[in-house]
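The values are calculated or read from the model by the stated rules, or taken from the named source; none is laboratory data. This structure is a prediction, so every number in the text was calculated from the model and none was measured. For neighbour counting, all protein chains shown are included, and Cβ atoms are generated from backbone atoms with ideal geometry for every residue, glycine included.
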Amino acid sequence: MGPDAVSAGETFSMALMGRTPKIVFIGENTQGVFSDVLGRMLPNGWRFGLPNEVYLTKDGKSFDGPGVPPDISVPVFPGSDLDSGRDGAIEKAIQLLGRSLNPDSEVEENTSPPRRGGCKEFAAKRRLAAN
């Protein structure tokens, strides 16, 4: 999860909160933009929109603004990961899965380069968008 998660991605994340077994969110806060917009037009032709929904957890908490926070904070697609074809959030998830499958073993941080460069295409697109 991360700042590119908005709208339905955020409501889906909220729907997973409090479930059993516990869902562990890894990454960064979502964007905090939940509500659909109610569009209107003024008599002079100006258009404007107002949020017309509030999404709450079963405990009554809203994440509009700050976004849904992760349980484990890991930068999502920092430039260094994109340039090297890595995905730190996926690597952290794999590390945690290894621990849960074999809780007695020590899982070392994977510092070896990835076998596939899955993030390189995304890195190129991000660089083009930034220019």
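Before moving on, here are some points about what is shown:
- Conditions (1) touching a strand residue (DSSP E or B) at 6+ places or on another chain (Cβ under 7 Å); (2) not in a loop (DSSP other than H, G, I, E, B): number failed by A15: (1)
- Scope the range 18-34; condition crowded, with 16+ Cβ neighbours inside 10 Å, at negative phi and modelled with pLDDT of 90 or more; matching residues: F25, I26, E28, N29, T30, Q31
- Filter pass, F63 being touching a residue at least 60 places away in the same chain (Cβ under 8 Å) and buried (at least 17 other Cβ atoms within 10 Å of the Cβ): no
- Helices (runs of 4 or more DSSP H) within the range 44-131 that include 1 or more residues within 20 Å of N29 (Cβ to Cβ) and modelled with pLDDT under 65: 120-130
- Within the range 38-45, the presence of a residue that is surrounded by 10 or more Cβ atoms within 10 Å (Cβ to Cβ) and either among the hydroxyl-bearing types (S, T, Y) or within 23 Å of I94 (Cβ to Cβ) (or both) is excluded.
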